[in-house]
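Just so it is clear, none of the values below were taken in a lab; they were calculated from the coordinates. Note that the coordinates shown come from a computational prediction; the quantities given were computed from them, not determined experimentally. Note: ideal-geometry Cβ built from the backbone for every residue, glycine included; neighbour counts use all protein chains shown.
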Amino acid sequence: MKYIGAHVSASGGVEKAPLNAHEIGAHAFALFTKNQRQWKAKPLTAESIKQFSRNLEQSGIDSRFVLPHDSYLINIGSPKDETRQKSLAALEDELLRAGQLGLPGLNFHPGAHLNLSSEQECIETIAHGINAILNATADGPAAGASLIIETTAGQGSNVGYRFGQIADIIAQVENQSRVGVCIDTCHVFAAGYDIRSRDGWNAMMEEFDHTIGLGFLSGVHLNDAKVEFGSRKDRHHSLGEGTIGIDAFRFMMQDPRLDDMPLILETIDPDLWAREIATLYDFAGTRPQ
């Protein structure tokens, strides 16, 4: 079964997000649990946490299919000590928030070396940071929550654009039961995985399985791309309006490897999300009750 949704607004409080998702016919969603452009935020209140749970139940969306996204500021791979320390504190706080909301994990971009260190040094720094955060949250509300590494387009000095880099990060994680991976379709296309044909999609998925392992796949971001194949640029587009094309999303929805995980639109026009979700469910041929 496919569980499809979008990255919905949590303006006015995280408790609004489940209702916003329900309004567009979603059975999954992503959200920011705090302002994504600020380092710090007030802790979640007990009332917000309780109301989020109530609204989630009212929406009929299972918490397994909610995948919050971290702040855009965070870079735990940074070679700059001040940035890295602020990033580690922020990512730990956001994982805690996910745990307080009863969510299974937090999606994050692995990090960038800023051309001040090597890719391999950045990978080691990221893995060290993951270990520190998982150790710090081994008890308490986030003990069951995982850090979900998102594949990147490789823009600038970002790592995570090749599956081998993500596999190298995971190999250095001490508690691999609390780490996962989210494939972003725009990002992998821009990074050089040609998913425009069924054969290309299958080749990408097989490489993911061989290099990382499908057991780590925890979600997919469904985005068309404004950029050319292999451009290493991160520019999302609405489904069918970009360089990936609508046919690719048709066979994605027919792939059982994407069953029972959050499939999240991050396309550029929220006004189209309800229609895009309906189209994807049409491609899948069924939807949750």
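Here are the numbers for this structure:
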read-out: Sequence-separation-based contact order of the chain, relative, with Cα cut under 8 Å and 6+ spacing, percent; value: 20 percent
read-out: Dipole in debye (nearest 20) - the chain, about Cα centre, beta carbon charges: Lys, Arg +1; Asp, Glu -1; value: 620 debye
read-out: Gain on full stretching of the segment that runs from GLU121 to ALA46 - 0.36 nm per residue minus C-alpha separation; value: 23.0 nm
read-out: Surrounding net charge for ALA284, when Lys and Arg each add one and Asp and Glu each subtract one, Cβ distance under 14 Å; value: -1
read-out: Built amide H within the under 5 Å cut-off of SER146, gap 5+; value: GLY105, LEU106
read-out: Formal net charge of residues neighbouring LEU31 (Cβ-Cβ distance under 13 Å; K, R +1; D, E -1); value: -1
read-out: Bridge type composition, the chain - antiparallel percent by DSSP, nearest 5; value: 10 percent
read-out: Residue-wise HN-Hα coupling along the range 52-65, computed from phi with Karplus coefficients 6.51, -1.76, 1.60 (Hz; x: Gly, Pro); value: 4, 4, 4, 5, 5, 5, 5, 6, x, 9, 6, 4, 4, 10
read-out: Directionally averaged shadow of the chain, computed from the convex hull of its alpha-carbon atoms, nm²; value: 13.4 nm²
read-out: Long-range HN-HN contacts of VAL227 with modeled amide H, under 5 Å; value: ARG235, THR243
read-out: Fully extended contour minus Cα-Cα distance, from TRP39 to GLU228, at 0.36 nm per residue; value: 64.7 nm
read-out: For the range 27-129, size of Cβ-based charge dipole, Lys and Arg +1, Asp and Glu -1, in debye; value: 440 debye
read-out: Among LEU96, HIS27, SER177 - extreme Cα towards positive end, dipole of the chain, charges at beta-carbon; value: LEU96
read-out: 3J(HN,Hα) from dihedral phi, the range 20-28, Karplus parametrisation 6.51/-1.76/1.60, rounded to Hz, x for glycine, proline; value: 5, 5, 4, 4, 9, x, 7, 10, 7
read-out: Helix-only [θ]222 nm of the chain, DSSP H runs n ≥ 4, -39500 (n - 2.57) each, per residue, nearest 500; value: -11500 deg cm²/dmol
read-out: Estimated distance in nm for a label pair at GLN254 and SER11, the labels positioned 7 Å out from Cα along Cα-to-Cβ; value: 3.9 nm
read-out: Dipole axis of the chain (+1 Lys, Arg; -1 Asp, Glu on Cβ), positive-most option in ALA138, ASN158, PHE52; value: PHE52
read-out: Residue among LEU258, GLN85, ALA167 farthest towards the positive dipole end of the chain, charges placed on Cβ; value: GLN85
read-out: Extension gain from SER63 to ASN135, taking 0.36 nm per residue of separation minus the Cα-Cα distance; value: 23.6 nm
